[in-house]
Amino acid sequence: MVPAYATRHHGRMEARAAPPRARSTGDATSSDRQWGRRGWAPTWASRAVGLVGLVSIISALRPGLTGRLALVTELVPAYAPQAAQAATVAAGLVLLTLAGGLRRRKRRAWAVSVALAAAMVVLHLLKGLDVEEAALSGALLALLVWTRDAFPGRPDPRSRQHTAAVFFGSSVVATVVGLGVALGDPGAERGSPNARTVLEHVLLGLVGVQGSLQFDTSEHASEVSAALALLGGVVLALTVASLLRPAGGPRPLDLDDETALRRLLAKPGHQDSLGYFSLRHDKSAIFSPSGKAAVTYRVISGVSLAAGDPLGDPEAWPGAIGAWLAEALLYAWVPAVLAASEQAADAYHRSGLDALELGDEAIVYVEEFSLGGRAMRSVRQAVNRAQRQGITAEVSMVDALRPDEMSELVQAAADWRDAATERGFAMALGRLGDPTDHDCRMVRARDTNGVLVGLLHLVPWGPDGLSLDLMRRDPGADNGVVELLVTELVNYSRLSGISRISLNFAVFRAVFERGGRLGAGPVLRLWRRVLLGASHFWQIESLYRANAKYRPTWEPRFLCFPTARDLARITVAALEAEAFIVLPRVLRRRPR
């Protein structure tokens, strides 16, 4: 049974009057168990396929046993062993490619592996009566058939067109190269074969069948047959690689989804400071059966990456989490959550995911904030310096800004950005000046000439909070501009009923704070040095210190994931989502 949401998002249905519904609680519980325990079958089948692929390649490249080979050549044409040898190398390479797809429970990877395991039995016997390798391939075939129910991962429907294009394109190239191989030695062919005969010979050779073209020596015929079989194997490998491409995910939010999410954000109860960022246009949403909770996520490189807490009633979270995990299992995505709160991490853990503390969110409580005292000396001095230079700041609702004022802010934010691509996913909205974000706040700083020198953009956090989305400063302006902007925001909040402000997220904050203390252990000190080195590229430490000077309350945030072996893949997907890794345009998957 396909979850209702998954069917809707991967099909062609568009109109909806009610929030999407997920599969039943029983199915979600089943998916929770599978993600929690995973089972041995995908892992061991993946290892077995990789082992057979490696053994097959080694076996095909080493000389065969003379006695066995002589027996084979008595039963089959002379070209068959060499063609089978080339086909075995190609099939072994394809099996190595399939190993990763099997570990991710891909159904297509299982189907192709079954076909290749069966073919390997024949190929090993043909290339030199290698009974041992044939028996190993037969054992792999039996294992795959026995564990067939462990591979439910459906492919992305869009991959059919891409796979067809790859197959036909590579086939054309292989045919052209094959014609060059067959006709590369003038005079090697017997008689005067016409173009049709040569083409038929090449096409048959690509699938390992001997054509009607006659050569001057059997050795030359065998070389051509082996080369054509290898070209056919390359076509097969490219086609399989296309078949195993990770599913690109459901389409991004539409108007109905966004309306339903805004209703959840407006309801009283648990409010996550990152909740408003669920409205990013590159995310998708999946709802609990009751419609009272939702998980928003984006599929990147085969990882279904959620961010922050589920929206809505915490009592309905398990239904939304279960539906999200069921969809991930259905399409063989790796589920992961960035920056979940402790309450949400516990909910994800009960659904079968593990959790790792990722860092801390800096929260300033308005009534506790003061520029007085020694601890706030640096902030106080920076604010005073900016004010002495005549810099002023003001806070406005976004819907109160004129179009020309908003255009100025959007242009300045783009000009002051320190990267070619807008960064952020878990704690960034990714848009500025969108008319749907009318309830956001903008803090602007100007110099004595009225020139814009800094800005903050904040999104709502429940009825009494704000969450920082964007912070920009003119590189030529004084360093105290940001401190002045934050201070003015706090003063505005006191008068506007705002009680809490979420600032930036500090990755591995505890490492920086504790690793430099007297008595810190060697592992903690080493980890701190590693992060300091990484800070030269990603400003990890500077971001922590930029938050720490406001003396915030630190709230831990967690990374949730299925198993430790998925962490490398999740890390790459998270870096891509946050735009620290930017793929070339031709390699990006477009959402539906």
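The values are calculated or read from the model by the stated rules, or taken from the named source; none is laboratory data. From a predicted model like this one, the values you see are computed outputs, not experimental measurements. Virtual Cβ from ideal backbone geometry, glycine too; neighbours counted across all protein chains shown. Just the protein is used for accessible areas: all its heavy atoms, side chains included, with ligands, DNA and RNA removed. Shrake-Rupley method; radii C 1.70, N 1.55, O 1.52, S 1.80 Å.
Note on GLN411 and PHE168: the extension gain reaches 82.9 nm, defined as 0.36 nm multiplied by sequence separation minus the Cα-Cα distance. Using 0.36 nm per residue and subtracting the Cα-Cα separation, the extra length available between ASP256 and ASP399 on full extension is 49.2 nm. Only lysines eight or more places from LYS283 in sequence, or on another chain, were considered; those with a Cα closer than 30 Å are LYS106, LYS267, LYS292. Length available on full extension from VAL572 to ASN449: 0.36 nm per residue minus the Cα-Cα distance, which gives 39.8 nm. When nucleic acids and ligands are ignored and a 1.4 Å probe is applied, HIS438 ends up with an accessible area of around 90 Å². Here the contact order of the range 256-340, divided by its residue count and restricted to Cα pairs under 8 Å and six or more residues apart, works out to 29 percent.
Enclosing the Cα atoms of the range 264-408 in their convex hull gives a volume equal to 192 cubic angstrom per residue.
Dipole of the range 373-421 computed with +1 at Lys/Arg Cβ and -1 at Asp/Glu Cβ about the Cα centre; of LEU401, ALA375, GLN387, farthest Cα towards the positive end is ALA375.
As a fraction of the 1.4 Å probe accessible area of the range 419-487, surface on carbon and sulfur atoms comes out at 49 percent. What FRET efficiency would be calculated for the residue pair THR436, THR43, taking the C-beta separation as r and a Förster radius of 41 Å, to the nearest 0.05? Using R0 = 41 Å, I get an efficiency of 0.35. For ALA307, nonlocal amide neighbours, meaning residues 5 or more places apart or on other chains whose placed amide H falls under 5 Å from its own, are THR296, LEU338.
Computed with a 1.4 Å probe on the full set of protein chains, the accessible area for LEU456 sits at about 0 Å².
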